[in-house]
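First the structure, in the form of structure tokens, and then the observations on it.
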Amino acid sequence: MAKITLSIIKADVGSIGGHIKPSQKLLETVSNYIKEKGRGLIIDYYIGHTGDDIAILTTHKKGVLNPKIHKLCLDAFLTGTKIAKAQGLYGAGQDLLVSAFSGNVKGMGPQVAEMEIEERPAEPFLMFMADKTEPGAFNLPLYLAFTDPMHNAGLILSPKVKEGFKFVIMDVSYTKVDKIIELKAPEEIYDIAALLRDTGRFVVESIFSRASGEQVVSASTTRLHNIAGKYVGKDDPVMLVRTQKDFPATGEILSPYTITPLVAGFMRGSHNSPLMPVKKNTSISFFDGPAIVSCLAFCEKEGKLTESADTFDHPYWDYVREQAAQETQELRRQGFFGAAMLPMSELEYTGVMETLKELEKRFKIRKK
Ligand code: F6R
Ligand code: MG
Ligand code: MG
């Protein structure tokens, strides 16, 4: 059976009217670059955007973290950046933080989710892209889809799914090298929950089937904030999830998105927002948000992709979007107050710190 690699490499290299969406010309430039320069290297590709982020999905036989594949996508984004600059797009090249390429784009700014798979006779998989949020946004949906029979009926109904899953979780506050822990569901679900509640620090990197050992999930884990040490935009994660048979069904993976959990991001990367499931190529609007997630379903055969099916383009999700909009309003009513805004450590701009520093000088110790 063929070994195929699925790679998503995603970056924000500029957008129209603020941090809203890339221009058509920018998308075409990135797409044409991959089409021309990818010849003989990749088997197939798909390019789309969610908010201001462009994601390149490629299929190939080169394995994960392959320098040629990463260079191809990086150069596509660099070529796109030239167009973004020429068009006067906002934030041109904003996610390309490090210019020296040293083998792969991890840690350079773009988000990466890749998986080398032993292709099944039919290979359905999902491509998730989120904007105005961070990698930890996938923590709760993944936890529920892989451990909770309230969302994953397969945990009761399918003997292979019931064998459970291995979570690989990364401590993203440790930036020198990767720091990970492997935990088994269901035995260790309380430990998994104890980590995943802290979305700014612990992030699901990958999930494996315990029945077969096969990889089911690969999610991006880069936090630009930690790399650059200052505000450079939120990290807008991407994720690949294989589905069906011994893995959760597509609908089981989607089920937790009904909850629209509060995630960090939204305006200036400094607020909480319900995570709204949206149709493909959705742009950003209200209060630079809300945080959005899109999910495209594909099948592939020897690397050849079908057209995508837009999983959140369905009347059911119109209802969920409506609810998410209501929740968003509730939260926005309290503006900067309490849980609406992120804690000090997660604020993506320095304004509050500078104000506090100034005000500190004016505080007085009251004499008894
Ligand atoms: C959030 C985001 C936007 C910007 C905001 C101000 O991740 O990208 O909310 O933070 O539009 O942007 P600047 O500072 O570029 O004017
Ligand atoms: Mg942006
Ligand atoms: Mg973005």
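The values are calculated or read from the model by the stated rules, or taken from the named source; none is laboratory data. From a predicted model like this one, the values you see are computed outputs, not experimental measurements. Counting neighbours? That spans all protein chains shown, and the Cβs are built from the backbone with ideal geometry, glycine included.
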Q. Which condition breaks for Arg210 when tested against (1) surrounded by 20 or more Cβ atoms within 10 Å (Cβ to Cβ); (2) modelled with pLDDT of 95 or more; (3) in contact with a Gly (Cβ under 8 Å, 6 or more places away or on another chain)?
A. (1)
Q: Given the conditions (1) hydrophobic (A, V, I, L, M, F, W, C); (2) within 16 Å of ligand 2 (Cβ to nearest atom); (3) under 20 Å from the mean Cα position of the chain (by Cα), report the number of the one that Ala84 does not fulfil.
A: (3)
Q | Given (1) among the acidic types (Asp, Glu); (2) crowded, with 19+ Cβ neighbours inside 10 Å; (3) farther than 19 Å from Gly251 by Cβ, index of the condition Glu119 fails | A | (2)
Q. Could you give every pair whose Cβ atoms fall below 6 Å, whose first residue belongs to segment 95-109 and is farther than 24 Å from Gly51 by Cα, and whose second residue is outside any loop (DSSP other than H, G, I, E, B) and more than 16 Å from ligand 2 (Cβ to nearest atom), counting only separations of at least 6 or pairs across chains?
A. Gly103/Pro67; Asn104/His70
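So which helices (runs of 4 or more DSSP H) stay within segment 98-202 end to end and still have 1 or more residues that are under 21 Å from the mean Cα position of the chain (by Cα)? So that I can check it myself, show each step before the final result.
Values: elements: 139-147, 154-157, 159-162, 189-196.
Hits in segment 98-202: 139-147, 189-196.
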Q: With the checklist (1) crowded, with 18+ Cβ neighbours inside 10 Å; (2) within 16 Å of ligand 2 (Cβ to nearest atom); (3) among the hydrophobic types (A, V, I, L, M, F, W, C) in hand, flag the one item Ile42 doesn't pass.
A: (2)
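Could you say which residue among Glu354, Glu348, Glu327, Glu300 is touching a Ser or Thr at 6+ places or on another chain (Cβ under 7 Å), modelled with pLDDT under 95 and charged (D, E, K, R)?
Details: Glu354 fails: touching a Ser or Thr at 6+ places or on another chain (Cβ under 7 Å); Glu327 fails: modelled with pLDDT under 95; Glu300 fails: modelled with pLDDT under 95.
Answer to the check: Glu348.
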**Q.** segment 156-183: number of residues that are crowded, with 17+ Cβ neighbours inside 10 Å, in contact (Cβ under 8 Å) with a residue 40 or more places away in the chain and on the phi < 0 side of the Ramachandran plot
**A.** 8
(Q) For a quick check of your reading of the model, give me the residue pairs whose first member lies in segment 304-316 and is of a type in the set (Asp, Glu), whose second is assigned to a loop (DSSP other than H, G, I, E, B), with beta-carbon atoms closer than 7 Å and at least 6 apart or on different chains. (A) Asp310/Lys279; Asp310/Lys280; Asp313/Lys279
Q.
Please determine whether any residue of segment 185-204 is within 16 Å of ligand 1 (Cβ to nearest atom) and either modelled with pLDDT of 95 or more or touching a strand residue (DSSP E or B) at 6+ places or on another chain (Cβ under 7 Å) (or both).
A. yes
(Q) One residue is enough: does segment 122-129 have a residue meeting the conditions hydrophobic (A, V, I, L, M, F, W, C), within 16 Å of ligand 1 (Cβ to nearest atom), out of contact with any Phe, Trp or Tyr (no Cβ under 9 Å at 6 or more places or on another chain) and closer than 24 Å to Ala309 by Cα? (A) yes
Q. Would you say Ala84 is assigned to a helix (DSSP H, G or I) and within 16 Å of ligand 1 (Cβ to nearest atom)?
A. yes
Q. Counting just the residues of segment 1-32 that are crowded, with 23+ Cβ neighbours inside 10 Å, within 11 Å of ligand 2 (Cβ to nearest atom) and among the hydrophobic types (A, V, I, L, M, F, W, C), which one comes out nearest to Tyr46 (Cα to Cα)?
A. Ala11
Q | Scan of segment 233-266 for residues that are in a loop (DSSP other than H, G, I, E, B), out of contact with any Lys or Arg (no Cβ under 8 Å at 6 or more places or on another chain) and more than 16 Å from ligand 2 (Cβ to nearest atom), ordered by number | A | Thr243, Gln244, Phe247, Pro248, Ala249, Thr260, Pro261
Q | Tally of residues being over 19 Å from Ala219 (Cα atoms) and surrounded by fewer than 24 Cβ atoms within 10 Å (Cβ to Cβ) across segment 130-155 | A | 7
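Can you report the number of residues in segment 87-121 which are of a type in the set (D, E, K, R) and within 16 Å of ligand 1 (Cβ to nearest atom)? Even if it seems obvious, please write down each step before you answer.
Kept after step one, since they are of a type in the set (D, E, K, R), are these residues of segment 87-121: 95, 106, 114, 116, 118-120.
Narrowing the set further to residues that are within 16 Å of ligand 1 (Cβ to nearest atom) leaves 95.
Selection size over segment 87-121: 1.
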Q: Specify the residue that is nearest to Asn152 (Cα to Cα); the eligible residues are those in segment 220-232 that are in a loop (DSSP other than H, G, I, E, B) and modelled with pLDDT under 95.
A: Thr221
Q.
Looking for something over 21 Å from Glu252 (Cβ atoms), within 16 Å of ligand 3 (Cβ to nearest atom) and not small (Gly, Ala, Ser) - is there at least one such residue anywhere in segment 357-365?
A. no
Q.
For Asn104, only one of the following conditions fails: (1) at pLDDT 95 or above; (2) closer than 20 Å to Thr5 by Cβ. What is its number?
A. (1)
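Can you list the strands (runs of 3 or more DSSP E) found entirely within segment 1-70 that contain at least 2 residues being within 22 Å of Asp236 (Cβ to Cβ), under 17 Å from the mean Cα position of the chain (by Cα) and more than 16 Å from ligand 3 (Cβ to nearest atom)? Explain how you work it out, then say what you get.
Numbers: elements: 3-11, 44-50, 53-60.
Per the criteria, 3-11, 53-60.
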